[in-house]
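The values are calculated or read from the model by the stated rules, or taken from the named source; none is laboratory data. Just so you know, these numbers come straight off a predicted model, no measurement behind them. All Cβ positions, even for glycine, are placed from backbone atoms using ideal geometry, and neighbour counts span all protein chains on display. The protein model used for the area step is the full one, side chains on, heavy atoms only, and it has no ligands, DNA or RNA in it. Shrake-Rupley method; radii C 1.70, N 1.55, O 1.52, S 1.80 Å.
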Amino acid sequence: MNNYFNRICLATIVSLMVFSQLHAQSTYKITESKDIDMRLSGTSTLHNWAMNAQTFTGEAQFGFREGNGGELASLKSLSFNLNVTDLKSGEKGLDKNAYKALKTDQYKDILYKLGSATVMPVKDGKYLIKTKGKLSIAGVTKDVVMDVYAVINKDGSITCTGSDKLLMTDYQVKPPKFMLGAMKTGDAITLDYTLIYKKEQI
């Protein structure tokens, strides 16, 4: 009986050790860098347009497979928070109308929160992460499915890039008009991002 009990205890301990190795997690936060970028772009009756921001916040919790070169194994959480007025096009009129359309007087931020993720190695420290999450724009929250590409950098930080195509009207945003209606923006927009997450120092 004692031998049986000892074997059960040993198996339990080994299982817990393996589980902890497969799911060693660390919290990362977005760092300020000239390399981070969030871009909204679209079309209009006159020309294409784009607005960029390089100031936003967010954090993520990555899990690593220990003993295997720090291989990325999971993504437990990820978020980012962008103040809409940090988006700039270089054209004051376009910015003003975009902020109005995005209802910044009521809803100042674009928010994203991860729901679930599946991590798949690609090669050379690169990973494809299939994600499901919730994106909030102008006070409206929608489920979104995105492919996120992650790279583990030499300094241990993790760069995440991705792109998502959206319709403004899905978020109850009326495509803005300019020059007394002579210029009208299209409903479809693209959200592109490059985020760099750095391990939080304890």
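The table below gives the values:
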item: Spatially proximal aspartates and glutamates relative to Lys123 (Cα-Cα < 13 Å; intrachain offsets below 8 disregarded); result: Glu71
item: Label-point separation, Tyr107 to Lys76 (7 Å along Cα→Cβ), nm; result: 3.0 nm
item: Whole-percent pair-distance distribution, where bins are 5 Å wide, for the alpha carbons of the stretch 23-148; result: 2, 10, 15, 19, 18, 14, 9, 6, 4, 1, 0, 0
item: Protection proxy ranking, peptides 183-189, 120-126, average beta carbon neighbours within 10 Å, highest first; result: 183-189, 120-126
item: Contact order relative to length of the stretch 67-177, as percent, for alpha carbon pairs under 8 angstrom and 6 or more apart; result: 22 percent
item: With all protein chains modelled, accessible area of Glu91 [1.4 Å, Å²]; result: 90 Å²
